[in-house]
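Each reported figure results from applying straightforward, stated rules to the coordinates on display, with no laboratory input. Computed from a predicted structure; not experimentally measured. Neighbour counts are summed over all protein chains in view; Cβ atoms, including those assigned to glycine, are modelled from backbone coordinates with ideal geometry.
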Amino acid sequence: MRALKIKVFLLFIAYVVFMSLNMGMYWWNIAAFRERLTIIDEFHDVLSDILETRRYEKNFMFYPEPGSLKEAQVYLDRAEKTANLLQPKIVEIVGNEAYGSLRANIREYRTLLNSLAHGDKTVATATRRKGTWLVEFAQDLLRQKKLRIHTALNRILFLPLAVMALLLALGTIVYIWQARKVLDRLKYVQRAAEGVAKGDYAAVQQISSEDPISLLMRSAFRNMAGELDTRQEQLIEARKLVSIGTLTSGIAHELNNPLNNVSLTADTLLEELDDLPKEEIRELLTDIINETGRASGVVRNLLDFSREEQRSLSRLDIATVISQTLKLVGNQLALNHVGVEVDIPDGLPAIRGDLHYLQQVFINLFLNADQAMKQGGTLRISAREDGGMLRVDVADNGCGMDRETLSRIFDPFFTTKPVGQGTGLGLSIIYGIIKKHGGSIDADSEPGEGATFTVRLPLLAEGEEA
Ligand code: ADP
């Protein structure tokens, strides 16, 4: 965030500096142009003084009055003075040599005017020529200066246009570049949101650009995914308690049997303690120990399942996962007259997974099947390798589902069960757990024809550690 602020600030500073430079340059050009206009005026003064000198020189030729030549001298002096003052500016345009000849010609022109004033008519032609030379020089100076002013004017007009064009081109490039980035980010948001919605958080990491905004978005998505993950885990725990609740009658039954046996055996012992031979007493006591072991086994199983644990992936054998799960739900199924058929061949490759989570997946699937087979039925569980994955089919011959129900079963809170019996979370939680394991789950069913749930889990490559 801080880096982003600094970037925006630097961009703003760069913009201000650029605009200030541009304005400064424009201002400087205008000032230079104004100065050039003043110089033109001064050059004009030189030309008009020379023209005046010539006018008086011509007057003298027609009406030889000494007054005319005096006036001519005055204007020539003025022209010379101004030319002296303008020396650097004249030199800049015509060069040192031409300026030198201007000075020399003025001097010679003055000498010729003097000679005329002293009545020397022979210099008349030479005087005229000198005068003409001076007029042409001044005119040429003025023309060249005007030419330069035009060039400067073009530059002043062109400069803002060029800057505008440059800004436009830069703006277009930045716009296209930024638009691409925005589109990239939007695509990322779409991908990440879709991924998170499906429980696939890998999409959150895949962002192509590493600029501050993209990184900010990724960290926001990562936080969101983390939060969702925690919520999902809490949901799984809550759902676990719901399944334990559903299992209660089965578990009670499972505990009751060994307890009854213990009680009966203890009664027998108490009544016939004095009459029974030592061997038989030993046998009965062993029975009691075995039955107690059975009961504590049930309790341990339940405790194992209900324990809140951090997720940990380990190398798992699907046959063990299924048999451990069946230990928890077996009695419940038996109570509802649901038979169980397991078809898991030996030697299936191992998978990488979390035992508790996968147990929860299968408990939910088995209990759903159990609830769908109200009049009893058969639960068929089979596993095999299929297309590089481990495929587990859980099939029942219960009530089945229509298309509409089938299309919504993985949605959270979707349930067709009465209030108090269904939460609509079981299958959505299963979906999340399987996705996290890098697998998939599908369901196939027809009304009255039972349902089959197919779980696919990635195999652990040979020699690979979990
Ligand atoms: P809940 O069991 O609390 O309703 P689930 O997410 O486990 O929530 O199941 C959602 C719905 O899917 C159930 O209400 C039921 O309509 C349907 N369903 C799930 N499993 C089966 C099945 N084996 N046979 C028929 N319908 C099923």
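Which aspartates and glutamates does K121 reach when only Cα atoms under 15 Å apart count, and residues fewer than 8 places away in its own chain are ignored?
E57, E65
I'd like the distance between the alpha-carbon centres of the stretch 391-466 and the stretch 104-172, rounded to an integer number of Å.
The two parts, judged by their Cα centres, are 98 Å apart.
Over the stretch 365-450, what lengths in whole Å, largest first, do the semi-axes of the equivalent ellipsoid take, defined as the square roots of 5 times the eigenvalues of the alpha-carbon gyration tensor?
Result for the stretch 365-450: semi-axes of 21, 17, 11 Å.
In nm, to one decimal, how far is the F33 label point from the L264 one, both placed 7 Å along Cα→Cβ?
My value for the distance between the label points is 11.7 nm.
Can you list the lysines whose alpha carbon is less than 24 Å from that of K374, not counting same-chain residues fewer than 8 positions off?
K240, K327, K417
Compute the long axis of helix 212-272 from its Cα atoms, compare it with the longest principal axis of the Cα atoms of the chain, and write down the angle in degrees, 0 to 90, nearest 10.
10 degrees
Subtract the Cα-Cα distance of L303 and Q232 from 0.36 nm times their separation in residues, and report this length gain in nm to one decimal.
23.4 nm
Could you run the Debye sum over the Cα atoms of the stretch 111-214, one equal point scatterer each and no solvent, and tell me log10 of I(q)/I(0) at q = 0.11, 0.21 Å⁻¹, two decimals?
Normalising to I(0) and taking log10 leaves -0.68, -1.04.
What full-extension length gain, to one decimal in nm, is calculated for A334 and E280 as 0.36 nm per residue of separation minus the Cα-Cα distance?
Difference between extended and current length: 16.1 nm.
Just name one of L365, Q144, P349: the one whose Cα is farthest towards the positive end of the charge dipole of the chain (beta-carbon charges, Lys/Arg +1, Asp/Glu -1).
Going by the charge dipole, the pick is Q144.
What ³J(HN,Hα) values, in whole Hz, does the Karplus curve 6.51 cos²θ - 1.76 cosθ + 1.60 give for the stretch 349-364 when θ = phi - 60°, with x put for Gly and Pro?
Values, residue by residue: x, 6, 10, 10, x, 9, 4, 5, 5, 5, 4, 5, 4, 6, 4, 4 Hz.
Which cross-chain or sequence-distant (5 or more) residues have an amide H under 5 Å from the amide H of N336, H modelled 1.01 Å from N in plane?
When sequence neighbours closer than 5 places are left aside, there are no close amide H contacts.
Obtain the nm distance between the two label points defined at K417 and I173 by a simple spin-label model: each point lies 7 Å from its Cα along the Cα-to-C-beta direction.
Roughly 6.5 nm, to one decimal.
What ³J(HN,Hα) values, in whole Hz, does the Karplus curve 6.51 cos²θ - 1.76 cosθ + 1.60 give for the stretch 70-82 when θ = phi - 60°, with x put for Gly and Pro?
Result, rounded to whole Hz: 5, 4, 4, 4, 4, 5, 5, 4, 5, 4, 5, 4, 4.
How are the Cα pair distances of the stretch 136-279 distributed, in percent, across 10 Å bins from 0?
9, 15, 11, 10, 10, 9, 9, 8, 5, 3, 3, 2, 2, 1, 1, 0
Rank-order 219-225, 161-167 by packing density, defined as the average count of other C-beta atoms within 10 Å over each peptide's residues, highest first.
Ranking, from highest mean packing down: 219-225, 161-167.
So how strong a dipole does the stretch 58-161 carry about its Cα centre when Lys and Arg Cβ are +1 and Asp and Glu Cβ are -1, to the nearest 20 debye?
240 debye
Evaluate 2.2 N^0.38 Å with N set to the residue count of the stretch 228-375, then give the Cα radius of gyration divided by it.
Scaled against compact globular proteins, the figure is 1.31.
If the convex hull of the alpha-carbon atoms of the stretch 36-189 is projected onto planes in all directions, what is the mean projected area in square nanometres?
Mean projected area of the Cα convex hull: 12.0 nm².
Please compute the Kirkwood hydrodynamic radius of the stretch 291-379 from all pairs of different C-alpha atoms, in Å with one decimal.
Kirkwood hydrodynamic radius for the stretch 291-379: 14.2 Å.
Under the Kirkwood approximation applied to all pairs of distinct alpha-carbon atoms, what is the hydrodynamic radius of the stretch 265-330 in Å?
15.1 Å
Projected onto the charge dipole of the chain (+1 at Lys/Arg Cβ, -1 at Asp/Glu Cβ, origin at the Cα centre), which of G387, L11, T454 gives the Cα projection farthest towards the positive end?
L11
Separation of the stretch 315-372 and the stretch 52-83 by C-alpha centroid, Å?
That distance is 127 Å.
Quick one, what does Rg over Rh come out to for the chain if you take C-alpha atoms and the Kirkwood Rh?
1.62
Which lysines does K81 reach when only Cα atoms under 25 Å apart count, and residues fewer than 8 places away in its own chain are ignored?
Of all the lysines, those that pass the test against K81 - Cα under 25 Å, at least 8 places apart if same chain - are K58, K70, K89, K130, K145, K146.
Once the dipole of the chain is set up with Lys and Arg at +1 and Asp and Glu at -1 on Cβ about the Cα centre, which of M217, S20, L168 lies farthest towards its positive end?
Selected residue: S20.
Per residue Cα convex hull volume for the stretch 310-466, in cubic angstrom?
114 Å³
Through the Karplus equation 6.51 cos²θ - 1.76 cosθ + 1.60, θ set to phi - 60°, convert the phi angles of the stretch 6-13 into ³J(HN,Hα) values in whole Hz; use x for Gly and Pro.
With coefficients 6.51, -1.76 and 1.60, one gets 4, 4, 4, 5, 4, 4, 5, 4 Hz.
Which far-off residues, 5 or more places away or on another chain, put their amide H under 5 Å from the one on L425, with H placed in the peptide plane?
Those lying under 5 Å, H to H, from L425 are F413.
Just how large is the dipole of the chain about the Cα centre, in debye to the nearest 20, putting +1 at every Lys and Arg Cβ and -1 at every Asp and Glu Cβ?
5500 debye
With +1 assigned to the C-beta of every Lys and Arg and -1 to the C-beta of every Asp and Glu, and no other charges, what is the dipole magnitude of the stretch 232-352 about the Cα centre in debye, to the nearest 20?
For the stretch 232-352, the charge dipole is close to 940 debye.
Given a Förster radius of 41 Å and the C-beta distance between L216 and D442 as r, what FRET efficiency does 1/(1 + (r/R0)^6) yield to the nearest 0.05?
0.65
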